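Q: My questions all concern the structure below.
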2 protein chains.
Amino acid sequence: MTIWCLYADLVGTPELEQLARRVQAASRLVARAPGPVRDEALRMAADLLEQEWAAVLEANRDDLARAESAGMAAPVQDRLRLSEARLAAMAAGLRTVAGLADPVGEVVDGWVRPNGLRVSRLRVPLGVVGVIYENRPNVTSDAAGLCLKAGNAAFLRGSDSALASNRAIVSVLRRAAAKAGLPEDAVALVEDTSHETAVAFMRLRGRIDCLIPRGGPALIASLLEHATVPYVLDGDGNCHVYVDAAADLAMALDIVVNAKAHRFGVCNAAETILVHAGVAVEFLPAMEAALVAAGVELRGDARVRAVLPGVGLADESDFATEYLGPTVAVGVVDDLDGAIAHIVRFSSGHSEAIVTTDVRAADRFVAEVDAAAVLVNASTRFVDGEELGLGAEVGISTQKLHARGPMGVRELTSVKWVVRGDGQVRR
Amino acid sequence: MTIWCLYADLVGTPELEQLARRVQAASRLVARAPGPVRDEALRMAADLLEQEWAAVLEANRDDLARAESAGMAAPVQDRLRLSEARLAAMAAGLRTVAGLADPVGEVVDGWVRPNGLRVSRLRVPLGVVGVIYENRPNVTSDAAGLCLKAGNAAFLRGSDSALASNRAIVSVLRRAAAKAGLPEDAVALVEDTSHETAVAFMRLRGRIDCLIPRGGPALIASLLEHATVPYVLDGDGNCHVYVDAAADLAMALDIVVNAKAHRFGVCNAAETILVHAGVAVEFLPAMEAALVAAGVELRGDARVRAVLPGVGLADESDFATEYLGPTVAVGVVDDLDGAIAHIVRFSSGHSEAIVTTDVRAADRFVAEVDAAAVLVNASTRFVDGEELGLGAEVGISTQKLHARGPMGVRELTSVKWVVRGDGQVRR
């Protein structure tokens, strides 16, 4: 009995199961479609999005009207809102992804065994990639574009508040797929946005090959409890910048301000600044001035407040907090060991930076700090698929399996062993 | 608030949590230990296992006495039984793993960005690798050896029936680790073998970086229901050999017999043979004779029974069954499309083979069959870490994330992005 049979009774509503079967069947055709066909589907989707902008915006206005009457907060409404400019950006994103190198078919490695077997590993699509996401309707085209590029079918479950917008965008994507010669079900939207169906979606084992949740802690908690399909977590970032005794302090100031204040609500923004005790008196006042000028509130430990008496107190919970806003925790540490110990304790394993001219300090930091990305003399804000050269990103993984750090199209693939012989049998 | 805080209340007993903290602390030291130190620990463990064989066998006799009085079935008792020869094989396995190339520190890839950032990805240990396994006490040293080799701490949870044996082996491994300069907690055994503790073990999120379950469907089902830690499934194998119209039939006979009958109880054994209708009349009688001579019972579909009237009927459930024994299902298909359609329907995604001299049939089979391994003119029995050249294997993954197919020491690692700059900030 194969394992997936055990879960046949758990896969939720017949409608969802039926849709999942169709998406899986479509995924097999997408997997075999040549790269240019998949790229053509993305370019056609970009063209159609621009041609049909009026219809998409009208659907979006329906969502916004519902959101307004439901009393949705203004910033959340803003995330839901589409505009001609946002649609143009979505179309541009699809064209960028179409222009990336095709990951499918890449030979990962290979060798010949003493018995003559020729062994290689080829990059292949995952199959069906599920994405559960929240308000932003642009995720619909971004995620579907990356999935198709990597030879996968995109099985999408967006939020209830964006349902009309997502329907309109998915309609565009499906028609573009069909025009390019792919099955329409290469992109599919789960229109039942109930919690029960979301849970059933997470349990489509044997139908979904990889699930990517894009949402907050409640979604992640639900996933950890209920999911039976394999998933990759897009984690949060409690990121640190450590200013070493041997730092170039002008460089450190630039990096700290950029890491904290370039954009507040992003996972690669710095949330804690650690300063070596030997440079605290010189560095902290300049840093305070620059951060305050950038609109940031500082909270410091006792040693910080000995230098900056006007700063509020940072307690343990501050150091554990991903503010995602204009607040930063600041601590003074005795040395590199103190900085590393603090980071080990509070890091979420996303991005950690050191500013130093001391090569030994840099090397120890790189070796001993356990995070998806460690940076020397650069802003944590660079930890992003586009900035690091992946072309586009699906998310940033803070787990250690499958993908760690920014995930590009290659992370939406698997491998297949290919073994060619001339009659070998095992003795 | 970082996500792991959300689960602090779910991590089970205080004893397990305390042990998990110690293992995690040890894992940080193992991760930083040079390769030769980790290799030395493995070689010392091999020496100690041989020196202390009497004590280990005595512990094993205690387990066997308990098993006997509990009425454990003879084949299960056999899996539990150690001998001087089995201990020697365990020691040899540790020495083999010690001799493999160190995966830690390998530069996976790297490049320079237009802004001068030097980006690379380094292979790093996972951290704490949990292993849940059943009777065989040799898994204790095999799994721990592979974990240490890849720079990880090994956090082991074996079966109740092997508790005394596992304690004795873990004691050897811990003393060997300490002698080599690693912390003793680099290898730890969960001695509470209750189901509740197993579930708590699966929920040690933030403490276990990767869990590898080695067991049957009940363990996998429990894992899918309860686990919150990342895991890699070692899947079952409903493997097929397809004998094409253009097969060299003498080669096909060798491969079919080897794939089915070389060893019965293994996941890479063939469970179904598919034969092209054009060669069925010629091939099936010879195949029947050879398989029957090897002690195998055939079950065939109607078209097989038209040629081999003495063969029992194979129904749908036969084609879905991983026999792991001396039985094989046989089907006749019209052509390559029929073979692929059958495999798509029944394959568990482990290993699938074609025997053919037709390059187009081989290429289509390789491209269209979605499995961890596809083989052309070779026995499925080669899908094994050692046979394919990985040196040793932790298991064979049938999932598509992180690792697919045989998993070697490299699959017990993650990557870390290292970004080096000279003051770059994001504009």
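The values are calculated or read from the model by the stated rules, or taken from the named source; none is laboratory data. Treat the numbers as computed from the prediction; the structure is a model and nothing was measured. In this analysis, Cβ positions are derived from the backbone assuming ideal geometry, glycine residues included, and neighbour counts consider all displayed protein chains.
Q: Of the residues B:Ile208, B:Ile220, which is at negative phi and within 14 Å of the chain's Cα centre (by Cα)?
A: B:Ile220 is the lone residue from the list that is at negative phi and within 14 Å of the chain's Cα centre (by Cα).
Q: In segment B:123-166, what residues are among the small types (Gly, Ala, Ser) and under 23 Å from B:Leu57 (Cα atoms)?
A: Within segment B:123-166, B:Ser141, B:Ala143, B:Ala144, B:Gly145, B:Ala154, B:Gly158, B:Ser159, B:Ser161, B:Ala162, B:Ala164, B:Ser165 meet the criteria.
Q: Given the criterion within 11 Å of another protein chain (Cβ to nearest Cβ) and closer than 22 Å to A:Gly278 by Cβ, identify the matching residue among A:Val344, A:Val333, A:Val328.
A: Numbers: A:Val333 fails: within 11 Å of another protein chain (Cβ to nearest Cβ); A:Val328 fails: within 11 Å of another protein chain (Cβ to nearest Cβ).
Every option except A:Val344 fails the conditions.
Q: Can you go through A:Thr193, A:Thr140, A:Thr197 and tell me which one is β-branched (Val, Ile, Thr), surrounded by 23 or more Cβ atoms within 10 Å (Cβ to Cβ) and touching a residue at least 12 places away in the same chain (Cβ under 8 Å)?
A: Result of the check over A:Thr193, A:Thr140, A:Thr197: A:Thr140.
Q: Residues that are at pLDDT below 95: which strands (runs of 3 or more DSSP E) entirely in segment A:180-275 hold 3 or more of them?
A: A:210-214
Q: Can you list residue pairs whose Cβ atoms sit under 7 Å apart, with the first residue in segment A:1-29 being part of a helix (DSSP H, G or I) and at pLDDT 50 or above and the second being among the polar types (S, T, N, Q) and surrounded by 14 or more Cβ atoms within 10 Å (Cβ to Cβ)? Count only pairs 6 or more apart in sequence or on different chains.
A: Hits for this filter: A:Leu16/A:Thr197; A:Ser27/A:Asn152.
Q: Kindly provide the set of residues from segment B:92-128 that are assigned to a helix (DSSP H, G or I) and surrounded by fewer than 20 Cβ atoms within 10 Å (Cβ to Cβ), ordered by number.
A: B:Ala92, B:Gly93, B:Arg95, B:Thr96
Q: Out of A:Ala178, A:Ala227, which single residue is aliphatic (A, V, I, L, M) and surrounded by fewer than 23 Cβ atoms within 10 Å (Cβ to Cβ)?
A: Within the list A:Ala178, A:Ala227, the selection yields A:Ala178.
Q: Could you please give the count of residues in segment B:232-277 that are closer than 15 Å to B:Ser348 by Cβ, touching a Gly at 6+ places or on another chain (Cβ under 6 Å) and of a type in the set (Gly, Ala, Ser)?
A: The total comes to 0.
Q: Can you name every residue in segment A:384-410 that is over 11 Å from the mean Cα position of the chain (by Cα) and not polar (S, T, N, Q)?
A: A:Glu386, A:Glu387, A:Leu388, A:Gly389, A:Leu390, A:Gly391, A:Lys400, A:Leu401, A:His402, A:Val409, A:Arg410
Q: While we're looking at this one, here's another question. Any residue in segment B:389-401 that is more than 9 Å from every other protein chain (Cβ to nearest Cβ), crowded, with 24+ Cβ neighbours inside 10 Å, over 24 Å from A:Val104 (Cβ atoms) and touching a helix residue (DSSP H, G or I) at 6+ places or on another chain (Cβ under 6 Å)?
A: Yes.
Q: Collect the residues in segment B:359-386 that are free of Cβ contacts under 8 Å to residues at least 24 places away in the same chain, at the interface with chain A (Cβ under 7 Å from one of its Cβ atoms), surrounded by fewer than 24 Cβ atoms within 10 Å (Cβ to Cβ) and not small (Gly, Ala, Ser), keeping them in residue-number order.
A: The answer is B:Val366, B:Val376.
Q: Something else: Could you please find all residues in segment A:58-91 being outside any helix (DSSP H, G or I), closer than 26 Å to A:Leu146 by Cα and of a type in the set (A, V, I, L, M)? Break it down stepwise before answering.
A: Taking segment A:58-91 as the starting set, the residues that turn out to be outside any helix (DSSP H, G or I) are A:70-73, A:81-83.
Still in the list and also closer than 26 Å to A:Leu146 by Cα: A:81-83.
Matches in segment A:58-91: A:Leu82 only.
Q: Please verify whether segment B:379-386 includes one or more residues that are within 18 Å of A:Gly423 (Cα to Cα) and of a type in the set (Phe, Trp, Tyr).
A: So far as segment B:379-386 goes, yes, one or more of its residues are within 18 Å of A:Gly423 (Cα to Cα) and of a type in the set (Phe, Trp, Tyr).
Q: For segment A:350-361, does any single residue satisfy the condition of being within 14 Å of the chain's Cα centre (by Cα) and either charged (D, E, K, R) or under 22 Å from B:Gly423 (Cα atoms) (or both)? Even if it seems obvious, please write down each step before you answer.
A: To start, the set of residues in segment A:350-361 that are within 14 Å of the chain's Cα centre (by Cα) comprises A:350-351.
Of the ones still in play, those that are also either charged (D, E, K, R) or under 22 Å from B:Gly423 (Cα atoms) (or both) are A:350-351.
Yes.
Q: Going by the conditions given, is B:Val128 aliphatic (A, V, I, L, M), within 13 Å of chain A (Cβ to nearest Cβ) and within 24 Å of B:Thr197 (Cβ to Cβ)? I'd like the intermediate steps shown before the answer.
A: Numbers: aliphatic (A, V, I, L, M): yes; within 13 Å of chain A (Cβ to nearest Cβ): yes; within 24 Å of B:Thr197 (Cβ to Cβ): yes.
Considered against the rule, which asks whether it is aliphatic (A, V, I, L, M), within 13 Å of chain A (Cβ to nearest Cβ) and within 24 Å of B:Thr197 (Cβ to Cβ), B:Val128 comes out as yes.
Q: Identify all residues within segment B:210-230 that are at the interface with chain A (Cβ under 7 Å from one of its Cβ atoms) and out of contact with any helix residue (DSSP H, G or I) (no Cβ under 8 Å at 6 or more places or on another chain); write none if there are none. Quick ask: steps written out before the conclusion?
A: Filtering segment B:210-230 down to residues at the interface with chain A (Cβ under 7 Å from one of its Cβ atoms) leaves B:210, B:217, B:220-221, B:224, B:228, B:230.
Within segment B:210-230, just B:Pro230 meets the criteria.
Q: Another one. How many residues are touching a Lys or Arg at 6+ places or on another chain (Cβ under 9 Å), among the charged types (D, E, K, R) and surrounded by fewer than 20 Cβ atoms within 10 Å (Cβ to Cβ) when one looks only at segment B:29-46? If you could, list the steps in order and put the result at the bottom.
A: Filtering segment B:29-46 for residues touching a Lys or Arg at 6+ places or on another chain (Cβ under 9 Å) gives B:30, B:35, B:38-46.
Next, from what is left, pick out any that are among the charged types (D, E, K, R): B:38-40, B:43.
Filter again for surrounded by fewer than 20 Cβ atoms within 10 Å (Cβ to Cβ), leaving B:40, B:43.
Within segment B:29-46, residues that are touching a Lys or Arg at 6+ places or on another chain (Cβ under 9 Å), among the charged types (D, E, K, R) and surrounded by fewer than 20 Cβ atoms within 10 Å (Cβ to Cβ) number 2.
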